[in-house]
Amino acid sequence: MRQRIRFEAFARGVLCLLPILLNWGCAAPPMQQPPVATSPTTPPRVGEPSGDRTATPAPQPPPSVAMRPREQPPSATMVASAQWVEEASRAIDVGDYDRATSLLERAISVEPNNGRAFYYYGLAMGERGRPGAALSLLQKAEILLQGEARTLGEIYAQMGTNLERLGRRSEAIRRYEQAVAQDPSNSMARRRLEALGG
């Protein structure tokens, strides 16, 4: 009976510590220690029954504090992808859309979830006269950059521009409205809404 109570106390302790160890990412299987024999002259340990067969509850560890997962340092591919996006952004600023698309294709090939790469790729494709392809790329950027209101405002404004290029006026107005809702300071979307009467 003593061994069972001791084992239950040990198991409770392990179960309380296990979530903490799992959060730290270094949980190892619990090691069981062989039972320690006690003699009648040895006072009972905490959690062991005393002579009257009542158990003293083992002290409980404090409740676990929610730990933030460790943030992974950026990988070499993430760094390279970010650098290519920066170079592409500068190429777009000077009107070199061929260079920009080449850099952005490389950025996406090594980091397929780089939302900024998809945004700039869509912008460049629209400027190269391919609004349909631009919309597909911007939709991917919209998915990857959820929660970034100002960036979403830019994405919606670019979607509106490409929808206008395709002659889809009502859809363009809706996208410009989304742009302003996400970022009220988006002056381009505001100007286009006024021009389209939206």
**OP:** Please state which of the following conditions D98 fails to meet, knowing it meets all the rest: (1) closer than 25 Å to A149 by Cα; (2) loosely packed, with under 13 Cβ neighbours inside 10 Å; (3) among the charged types (D, E, K, R).
**Re:** (1)
**OP:** Would you check if there is a residue in the stretch 163-171 being surrounded by 14 or more Cβ atoms within 10 Å (Cβ to Cβ), outside any helix (DSSP H, G or I), assigned by TED's automatic domain parsing to the domain that holds R130 and under 29 Å from the mean Cα position of the chain (by Cα)?
**Re:** no
Original post:
How many residues, within the stretch 177-198, are out of contact with any Phe, Trp or Tyr (no Cβ under 6 Å at 6 or more places or on another chain) and in a helix (DSSP H, G or I)?
Top reply: 11
Subject >> Failed item, numbered, when R174 is tested on (1) assigned to a helix (DSSP H, G or I); (2) under 22 Å from D93 (Cβ atoms); (3) not hydrophobic (A, V, I, L, M, F, W, C) >> reply: (2)
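The values are calculated or read from the model by the stated rules, or taken from the named source; none is laboratory data. In this text the structure is predicted, and so the values were computed from the model without any measurement. As a convention, Cβ positions derive from the backbone with ideal geometry for all residues, glycine included, and neighbour counts pool all protein chains shown.
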